[in-house]
Ligand SMILES: [Zn+2]
């Protein structure tokens, strides 16, 4: 099937092009971008009129937990350790695979409606989670979260290995190995998890240096810095996506920069949990690839990457008391092409280029409350709300068009099911 998106202004995120955005028609053939041209006159089966609209590569959320939608905004007045120990983990222990199906489904719809086409996800309840991801046809870098320090870690490893073997070669699905963090996994378990990355040639994705007390704990336990500890564990021999990295010493930045490491910063989550502000400007200067995550909705409030993009930009400018240290285009890169690089998907997604998969979104910025658009890139990073996301396309498949989902899902029924899950879990928690 040939689809053509006509008359739109395309922000390609392809630095090889002279202009950051231009009027182009996009031809999509069997899910792939086959032409980017002015005024396409060739054949087509479907046309999408993007007159006065903006086309952008689908956003890439480099750190999230899609199953956590029922914990949305539950972290008020709690630090990271108290929130996890008292509010999240006791409840998660009672969640079934079916619960995780519904909570992930809710997150997938949130992503489609807010313009995210790929997520880098780690959670448990993988059967349910995968079902929701496959039903909604979003692109996923997926994993079974591996914790340690208890007798179930062997079981989790087996579960994860079968998951990889059963899902080889799927177009929308790739995997990472995801030890939860250095503070929740024993050294022995971390070494076991590293072997899986070697066996299956997979990147590793983990929480890292999220707050000061975590960093102090790691230094005490390992008698060396967190980056050196990772190096000693063999983790830097792999493609590595470190979520948070709120506190990384200058020396550790140099260690990470000399390996294939990306920092997936989660500014909203870090602010809500009082973790601090990562020094992204310095990380970038030292040559570390920066990408953006929302974290789960528990600490990150929502999966709307536009909101998180605006926050990360403003935070760095405020931290440095200097508006020139970061810019909207840098931030947009973090949410698109840099994310693709972090996830080993830069040949497929992250920019609108001939030969790449057709993962893209169409924005309508014509509503009065954000009118007019003078500087397009800044407007996209700082003023786009979910209601501006008009159309979402993944792998050439239109999942939302003119604000209407094209996938079959009964949203009211889903909300009912989510409420039932919350009621049941709260009842258990109260006992
Ligand atoms: Zn997280």
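Taking the criterion of being over 16 Å from residue 175 (Cβ atoms) and touching a residue at least 24 places away in the same chain (Cβ under 8 Å), the residues of the range 136-156 that qualify are 136, 137, 147, 148, 149, 153. Note on the range 274-291: among residues that are within 16 Å of the ligand (Cβ to nearest atom) and either within 17 Å of the chain's Cα centre (by Cα) or surrounded by 23 or more Cβ atoms within 10 Å (Cβ to Cβ) (or both), the one that is farthest from residue 242 (Cα to Cα) is 275.
In the set (1) in contact with a helix residue (DSSP H, G or I) (Cβ under 7 Å, 6 or more places away or on another chain); (2) under 27 Å from residue 16 (Cβ atoms), residue 311 fails one condition alone, (2). Could you please let me know if residue 133 is over 20 Å from residue 182 (Cα atoms), in contact with a helix residue (DSSP H, G or I) (Cβ under 8 Å, 6 or more places away or on another chain) and touching a residue at least 60 places away in the same chain (Cβ under 8 Å)? Yes.
Looking only at residues in the range 251-263 that are part of a strand (DSSP E or B) and more than 16 Å from residue 211 (Cβ to Cβ), which one is farthest from the ligand (Cβ to nearest atom)? If you could, list the steps in order and put the result at the bottom.
The initial filter retains those residues of the range 251-263 that are part of a strand (DSSP E or B), namely 261-263.
After this cut, where a residue has to be more than 16 Å from residue 211 (Cβ to Cβ) as well, the list is 261-262.
Working: 261: 17, 262: 15 Å.
Among residues in the range 251-263 that are part of a strand (DSSP E or B) and more than 16 Å from residue 211 (Cβ to Cβ), the one farthest from the ligand (Cβ to nearest atom) is 261.
What do you reckon, is residue 310 touching a residue at least 60 places away in the same chain (Cβ under 8 Å) and more than 22 Å from residue 176 (Cα to Cα)? Considered against the rule, which asks whether it is touching a residue at least 60 places away in the same chain (Cβ under 8 Å) and more than 22 Å from residue 176 (Cα to Cα), residue 310 comes out as yes. The set of residues in the range 292-309 that are more than 10 Å from the chain's Cα centre (by Cα) and assigned to a helix (DSSP H, G or I) comprises 297, 298, 299, 300, 306, 307, 308, 309. At least 3 residues being closer than 30 Å to residue 239 by Cα and within 15 Å of the ligand (Cβ to nearest atom) is the threshold, and among the strands (runs of 3 or more DSSP E) wholly inside the range 29-112 those reaching it are 59-64. Of all the numbered requirements in (1) without any contact (Cβ under 8 Å) to a residue 60 or more places away in the chain; (2) outside the structural domain of residue 214 (by TED's automatic domain parsing); (3) crowded, with 24+ Cβ neighbours inside 10 Å, residue 108 misses one, and that requirement is (2).
Residue 96 falls short on exactly one of the conditions (1) surrounded by 16 or more Cβ atoms within 10 Å (Cβ to Cβ); (2) over 28 Å from residue 338 (Cβ atoms), and that condition is (1).
Take residue 278 and decide whether it is in the same structural domain as residue 179 (by TED's automatic domain parsing), without any contact (Cβ under 8 Å) to a residue 40 or more places away in the chain and closer than 30 Å to residue 388 by Cα. Before the answer, list the steps.
On the way: in the same structural domain as residue 179 (by TED's automatic domain parsing): yes; without any contact (Cβ under 8 Å) to a residue 40 or more places away in the chain: yes; closer than 30 Å to residue 388 by Cα: yes.
Spelling it out, residue 278 is indeed in the same structural domain as residue 179 (by TED's automatic domain parsing), without any contact (Cβ under 8 Å) to a residue 40 or more places away in the chain and closer than 30 Å to residue 388 by Cα.
Report yes if some residue within the range 12-28 is out of contact with any strand residue (DSSP E or B) (no Cβ under 8 Å at 6 or more places or on another chain), under 18 Å from residue 398 (Cα atoms) and touching a residue at least 40 places away in the same chain (Cβ under 8 Å); otherwise report no. Full working, then the answer.
Looking only at the range 12-28, we keep the residues that are out of contact with any strand residue (DSSP E or B) (no Cβ under 8 Å at 6 or more places or on another chain), and these are 14-19.
With the extra rule that they be under 18 Å from residue 398 (Cα atoms), the set shrinks to none.
No: zero hits.
Applying the set (1) in a helix (DSSP H, G or I); (2) assigned by TED's automatic domain parsing to the domain that holds residue 32; (3) touching a residue at least 12 places away in the same chain (Cβ under 8 Å) to residue 332 leaves exactly one unmet item: (2).
The values are calculated or read from the model by the stated rules, or taken from the named source; none is laboratory data. The shown structure was predicted, so the numbers you read here are calculated from the model rather than taken from an experiment. Cβ: placed from backbone, ideal geometry, glycine included. Neighbour counts: every protein chain shown.
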